[in-house]
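Working notes for the structure below.
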Amino acid sequence: MAKFQAPKGVSEYVPDRSSHFDYVRSTLINSAQVAGYQLVELPVFEDTELFARGVGESTDVVRKEMYTFEDRGGRSITLRPEGTAGVMRAVIEHNLDRGQLPVKVYYSGAFFRAERPQAGRYRQFYQVGIEAIGLADPRIDVEVIAVADRAFKELGLKNYRLEITSLGDSATRESYLVELRAFIAGIEIDAETRERANLNPLRLFDDKRPEIREAMSKAPILMDYLTPESAADFAKVQELLTALNIDFVVNNRMVRGLDYYTGTAFEFAHTDLGAQSAIGGGGRYDGLMAQLGGQELSGVGFGLGIDRILLAREAEGLLLPAESGLDLYIVPLGVGDAALLLAEELRNRGIKVDLAFGDKALKGGMKSADKSGARYSIVLGADELASGVVHLKEMQTGESSSVTLGALANELIERISNYGEHL
Ligand code: AMP
């Protein structure tokens, strides 16, 4: 019978690579948690209108990349292409913005974009994101960037670059967009591109075609139109990043792929990843909440691509802090029941234990112990059960010592605490 394959262009993780994925994800989440961000777990599908309004009609994401379908009740549903719109919907719906501000939340999960698959670009991919909603303070912009940067450093990444810009406030935009529209009116572009530019003229900076790039290289730059308030906020962001030793470059032509950004915007690019180099990005969004029916509150956040961060670690040759994380592997010799009971007893004490199943001879059992990556192993047979003593073998050194079965759990716990984080 023909075998099934995963749908085209999805990313998925199975052992052993899944443990590397897990390590990246938990490091990103941990960096958010130490800064006081709390989990939101949201649906992977929402009303289509939420994304059309939240992400923006002019974006590639909304125009070409959404997985949209009608559900059985005739509602138009879309698989989430990004996290921020859903978070805002939930914050408004649950009145989180009526409590203490800023509301600080993080999310982690699968996102969906119908893109042309290639290395590092998938139709289902994974992000960890954070949002800080309710206060327009450039210090929060810096906190958000620092959460990402700390995680990247903890993951050992070196070959990445932080680019920042300011997209200005609404007054900045208003004066700038008049100039930009006038400029675009004077260049030669096809009808479809012009329609796109009419929806959001900033989008043309994003266009990859050489002739458009060439034309746009002469366009006015938003940074030159920043209001004094926006310029002061942007200066504060740079000052604090410098104080935190977070390297950055100002890229005054950066355009984010989503329409809602204002003020500080940023992107992390990894230099070893080829075309799909963005490992994360985000920024401030002033109008989004009101646009989705909530209060006039500002927010700032990011989305980091777990898949690409894993690829970046592989490109930099950063392997996992070894091992499966197992503390003990039990090789039973004809006493399978007793071995399982012992494993469960130890697991209940928080020790990570695996054991050989099936009737394995000693040699096969020891091979499995080796492969398991466990720190210690014991052989458990009728003799050990009769004497109540096992030989606890340290796999790396080959050294073993006698321990009574009654003392085994405490002995292991003691040794585990001595190998600290056992990374
Ligand atoms: P964005 O919301 O487009 O700024 O995406 C945030 C991050 O998610 C990017 O910097 C990427 O790391 C990741 N990402 C976005 N789209 C994809 C995709 N199709 N495949 C893999 N990762 C993606």
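The values are calculated or read from the model by the stated rules, or taken from the named source; none is laboratory data. Computed from a predicted model, the values in this text were never measured in an experiment. Cβ coordinates were reconstructed from backbone atoms using ideal geometry, including for glycine residues, and neighbour counts include every protein chain displayed. The protein model used for the area step is the full one, side chains on, heavy atoms only, and it has no ligands, DNA or RNA in it. Shrake-Rupley method; radii C 1.70, N 1.55, O 1.52, S 1.80 Å.
Go through 160-171, 398-409, 227-238 and give me the packing order, highest mean Cβ count within 10 Å leading.
Top to bottom by mean Cβ count within 10 Å: 160-171, 227-238, 398-409.
Hey, what's the Cα Rg ratio for the chain versus the globular rule of thumb, 2.2 N^0.38 Å?
For the chain, the normalised Cα radius of gyration comes out at 1.23.
Using Cα-Cα distances under 8 Å and only pairs 6 or more residues apart, what relative contact order does the range 15-83 have, in percent?
28 percent
ALA361 to SER400: extension gain in nm, 0.36 nm per residue of separation minus the Cα-Cα distance?
Going from the current span to full extension adds 12.0 nm.
Give me the net charge for the shell around ALA315: Cβ to Cβ below 15 angstrom, other residues only, Lys and Arg +1, Asp and Glu -1.
+1
Multiply the residue separation of GLU57 and TYR13 by 0.36 nm, subtract the distance between their alpha-carbon atoms, and state the gained length in nm to one decimal.
Extra length from GLU57 to TYR13 when fully extended: 12.6 nm.
How big is the antiparallel share of DSSP beta bridges in the chain, given as a percent to the nearest 5?
Just about 80 percent of them are antiparallel.
Between ARG98 and ALA290, what FRET efficiency follows from the Cβ-Cβ distance if R0 is 25 Å, with the result rounded to 0.05?
It comes to 0.95.
Counting only DSSP beta bridges with both residues in the range 306-423, tell me the antiparallel percent, nearest 5.
45 percent
From the residues SER26, GLY134, GLN124, which one has its Cα farthest along the dipole of the chain in the positive direction, the dipole being from +1 and -1 charges on Cβ of Lys/Arg and Asp/Glu about the Cα centre?
The residue sitting most towards the positive pole is GLN124.
Whole number in Å², please: accessible area per residue of the chain, 1.4 Å probe, ligands, DNA and RNA not counted.
50 Å²
Dipole magnitude of the chain about its Cα centre, charges +1 at Lys/Arg Cβ and -1 at Asp/Glu Cβ only, in debye to the nearest 20?
740 debye
If you line up the long axis of helix 306-315 against the longest principal axis of the chain, both from Cα atoms, how many degrees apart are they, to the nearest 10?
Roughly 70 degrees, rounded to the nearest 10.
What net charge do the residues around ARG139 carry, taking every other residue with its C-beta under 14 Å from that of ARG139, with Lys and Arg at +1 and Asp and Glu at -1?
Local charge sum for ARG139: -2.
For the chain, set up a Gaussian network in which alpha carbons nearer than 10 Å are linked by springs, and say which option among ILE189, ILE279, ILE29 fluctuates the most.
Top of the fluctuation ranking is ILE189.
Starting with the highest mean, order 68-77, 239-248 by the number of other Cβ atoms within 10 Å, averaged over the residues of each peptide.
Going by the mean number of other Cβ atoms within 10 Å, highest first, we get 239-248, 68-77.
For labels at ALA35 and GLU195 in the simple 7 Å Cα→Cβ model, what's the distance in nm?
Placing both labels 7 Å along Cα→Cβ, they lie 4.0 nm apart.
Give me the percent relative contact order of the chain, please, defined on Cα pairs under 8 angstrom at least 6 residues apart.
RCO, the chain: 16 percent.
Can you give the net charge of the other residues whose Cβ lies under 9 Å from the Cβ of SER108, counting K and R as +1 and D and E as -1?
Charge balance in the 9 Å sphere: 0.
At 1.4 Å probe size, put LYS393, LYS208, LYS104, LYS363 in order of accessible surface, largest to smallest.
Listed by decreasing accessible area, they come as LYS363, LYS208, LYS393, LYS104.
Roughly speaking, to the nearest percent, how much of the chain's 1.4 Å accessible area is carbon and sulfur?
Solvent-exposed carbon and sulfur of the chain make up 50 percent of the total.
Share of antiparallel DSSP beta bridges in the range 151-288, in percent to the nearest 5?
85 percent
Cα-Cα over 26 Å: which of LYS64/LYS158; LYS352/LYS393; LYS104/LYS153; LYS363/LYS393?
Going by Cα-Cα distance, LYS64/LYS158 fall outside the 26 Å limit.
With a point put 7 Å past each Cα toward its Cβ, work out how far ALA171 is from LEU340 in nm, to one decimal.
A separation of 7.3 nm, rounded to one decimal place.
Rank by packing, highest mean first: peptides 125-137, 307-319, with packing defined as the count of other Cβ atoms within 10 Å averaged across residues.
Descending packing order for the listed peptides: 125-137, 307-319.
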